[in-house]
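As structure tokens, the structure follows; a few thoughts come after it.
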Amino acid sequence: MSGQAGKLRIAVVFGGRSAEHSISCVSAGAVLAALDPDRYDVVPVGIARDGRWVLADPAQRLAIADGELPEVTGGTAVSLVGDPGGRGLAVLEPTAGMASALTEVDVVFPVLHGAYGEDGTIQGLLEMSGIPYVGSGVFASAASMDKEFTKKLLAAAGLPQGAHVVLRDASGAVSADPGVLDDAARERLGLPVFVKPCRAGSSIGITKVTDWAQLPEAVATAAAVDPKVIVEAAVPGREVECGVLARPDGPPQASLPAEIRLRPGTEWYDFAAKYLDDAVDFDVPADLTPEQTRLVQDTARTAFLALDCRGLARVDFFLGTGADGADRLVVNEVNTMPGFTPISMYPRMWAATGVDFAALVDRLVEVALAARPAAEATLDGTRA
């Protein structure tokens, strides 16, 4: 162990370059508060919007206050050591850019949402560094971040998907031209549709379109976040979520599901409804029959395994009724680093299941450490 008095040294990394920077900061504030100082030596590492890594002040306010969102602004410059022998962070001299000290790290907890954090990029960097980390690996993170490939993999696993189209031109290249959505696609999708950045979260860049005349502006809004744009048919049904949590050994667990209910006057679960307004009600756990609960939990575990997820994920569904009158569950998205804010559904679902916030982060650290020995095997079967 690298920390003081035999403690595990945990680097909590937050902020980042994505549009979800501030939500990552809020999530990290909750994780930092939950890590037991008697067990862990915590190193808070912020990534500024311009990509600079800094040692953050542990007392920095990482919460939404009076509608103001937090962000990483400055601190002592650090860099992740790519050499597995280093296993840590190099503190950089502010003038020469040279390493003046090395802080060894036992586990990295990347509380990063969106691009450059939840999409396989930082996971690849951590794999190169040889440091165990919380959450899914490179492939699962990348596949789950891209809505197109999430849907392809889940469909291959036999899980129902809503109708959708990724905007591409005649050559198959990604396009932000709304004109590539032809009449046949529009008829198949119907109205309303949701126009989304293919690789983003927190409902950033999403527009609900109720008239095709709104499509150009909606596509432009999504393309400003990600050049790859997906158009999804609205799926009728209740919005239900389920948390999945890995074990150090054995199959993953599924939490009690939760339901998001929109209040009158709220059209859909957008960014403001998620984080700023009292526009929705959360039923944790959801008011489901035992059969519906099992269906949601079993499907969440199936999705988790189909995408080769590790550590944790939140699986979002629409629960409706099929033509035969039976329950019909449609997978909407899989989030490999769900929000950890005080109001986020993932920790609340686990609390309702009997795993409080502190026990949840303990489990995630334990799973990260257990997963590392297998990951350290080289391709010829030897150990690095």
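Rank the residues 69, 181 as a footprinting-exposure proxy: fewest other Cβ atoms within 10 Å of their Cβ go first.
69, 181
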## Note on the structure
Classified through the alpha carbon gyration tensor (a ≥ b ≥ c as square roots of its eigenvalues; rounded if a/c is under 1.5, else prolate when a/b is larger than b/c, else oblate), the stretch 164-233 comes out oblate
### Summary
Per-residue Cβ contact counts at 10 Å, fewest first, order 164, 113 as 164, 113
#### Entry: Proxy reagent accessibility, fewest Cβ within 10 Å first, across 348, 39
39, 348
### Message
Pairs on different chains or at least eight residues apart, Cα atoms closer than 24 Å: how many lysine pairs in the chain fit?
### Response
17
### Message
From the helices alone, meaning DSSP H stretches of at least four residues, give me the mean residue ellipticity at 222 nm for the chain, per-run term -39500 (n - 2.57), in deg cm²/dmol to the nearest 500.
### Response
-8500 deg cm²/dmol
### Nearest-ten-degree value, helix 21-34 long axis tilted from longest Cα axis of the chain
60
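About its Cα centre, how strong a charge dipole does the chain have in debye, to the nearest 20, once Lys and Arg get +1 and Asp and Glu get -1 at the Cβ?
That gives a dipole near 540 debye.
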### Query
Rounded if a/c is under 1.5, else prolate if a/b is larger than b/c, else oblate: which is the stretch 4-133, with a ≥ b ≥ c the root eigenvalues of its Cα gyration tensor?
rounded
### Task
Count the net charge of all other residues whose Cβ sits under 9 Å from the Cβ of residue 194, scoring Lys and Arg as +1 and Asp and Glu as -1.
+1
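Just so you know, all these numbers are worked out from the coordinates, no wet-lab data involved. The shown structure was predicted, so the numbers you read here are calculated from the model rather than taken from an experiment. All Cβ positions, even for glycine, are placed from backbone atoms using ideal geometry, and neighbour counts span all protein chains on display.
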